[in-house]
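The values are calculated or read from the model by the stated rules, or taken from the named source; none is laboratory data. The structure presented is a predicted model; accordingly, all values stated were derived computationally and were not measured. Neighbour counts run over all protein chains shown; Cβ positions are idealised from the backbone, glycine included. Note: areas computed on protein heavy atoms with side chains; ligands, DNA, RNA excluded. Shrake-Rupley method; radii C 1.70, N 1.55, O 1.52, S 1.80 Å.
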Amino acid sequence: QWTHAFAAAANGADESDTTTAEAYQASGKSTYDFSEHNYLFGTIDWRRDRFSGVDLKLSESVGYGRRLIDRSAHLLSAEIGVGHRSSELSDNSSESGVIGTLGLDYKWTFSETSNFQQAVSIESGSDNTYLETVSAVRARLLGDFAIVLSYTIRHNTDVPLGNEKTDTFTAISLELAF
């Protein structure tokens, strides 16, 4: 009935010996299935990003999820929740408050070793709405190792002056599942 997931990531980019991107993330999620298609969840997400205008973000949320499609090749889940977010901005100000969360996760398993996943998450509070969408193709290489090609879009509705509201990046990653 319980499922637990943990993720950690580091992203960076240099251009002409100048750092143009540097971000770190750690997150965890637990779900409890209380029926075939319905579950409760709890999440915690920590992010540090030197170039987004939101230097540090910590959010926690709890909520309800439902698997709308649950077949061997296709899985579509939707979630709604409530939580709290604290942020430190690049202009040395900070924000803290209650957030509402929405999530949508689609997974298409097109072979025994490969799948496509599309995840969309929204955190909305009085100070800012944060949207993240990740498109990824995953192929198992050997045992529990997989190679992942992904494209991520991160958008904040309100950032300090001089910062972009939207960041995008493409990544090729090695993933270990256990």
| message | Which one, ALA26, ALA13, ALA146, has the greatest fluctuation when you compute a Gaussian network model over the chain with C-alpha springs under 10 angstrom? | response | ALA13
| remark: To the nearest 20 debye, the chain has a Cα-centred charge dipole, built from +1 on Lys and Arg Cβ and -1 on Asp and Glu Cβ, of 620 debye
| said: Within 10 Å of each candidate Cβ there may be at most 11 other Cβ atoms; applying that plus a DSSP loop requirement, which GluC sites (Glu not before Pro) in the stretch 32-127 survive? | reply: GLU36, GLU112
| task | Could you tell me what percent of the accessible area of the stretch 65-178 is made up of carbon and sulfur, with a 1.4 Å probe and every protein chain present? | result | 59 percent
| Most fluctuating residue given options SER90, SER27, SER72, as computed from a GNM of the chain linking Cα atoms under 10 Å | SER72
| note | Among the Cα-Cα pairs of the stretch 36-121, the proportion with separation greater than 21 Å, in percent, is 46 percent
| message | Give me the dipole magnitude in Debye, nearest 20, for the stretch 1-79 about the Cα centre, with unit charges on the beta carbon: positive for Lys and Arg, negative for Asp and Glu. | response | 340 debye
| request: Would you kindly find the accessible area of TRP108, with a 1.4 Å probe and non-protein molecules such as ligands, DNA and RNA excluded, rounding to the nearest 10 Å²? | output: 110 Å²
| Dipole moment magnitude, nearest 20 debye, the stretch 83-178 about Cα centre, only Lys, Arg, Asp, Glu C-beta charged | 380 debye
| request: Calculate the translational D of the chain in whole µm² s⁻¹ from Stokes-Einstein, where the hydrodynamic radius comes from the Kirkwood formula applied to all Cα pairs, the temperature is 20 °C and the viscosity 1.002 mPa s. | output: 123 µm²/s
| note | Given 62-71, 3-12, the highest-first ranking by average Cβ count within 10 Å works out to 62-71, 3-12
| task | Rank these residues by their accessible area, most exposed first, probe 1.4 Å: SER135, SER59. | result | SER135, SER59
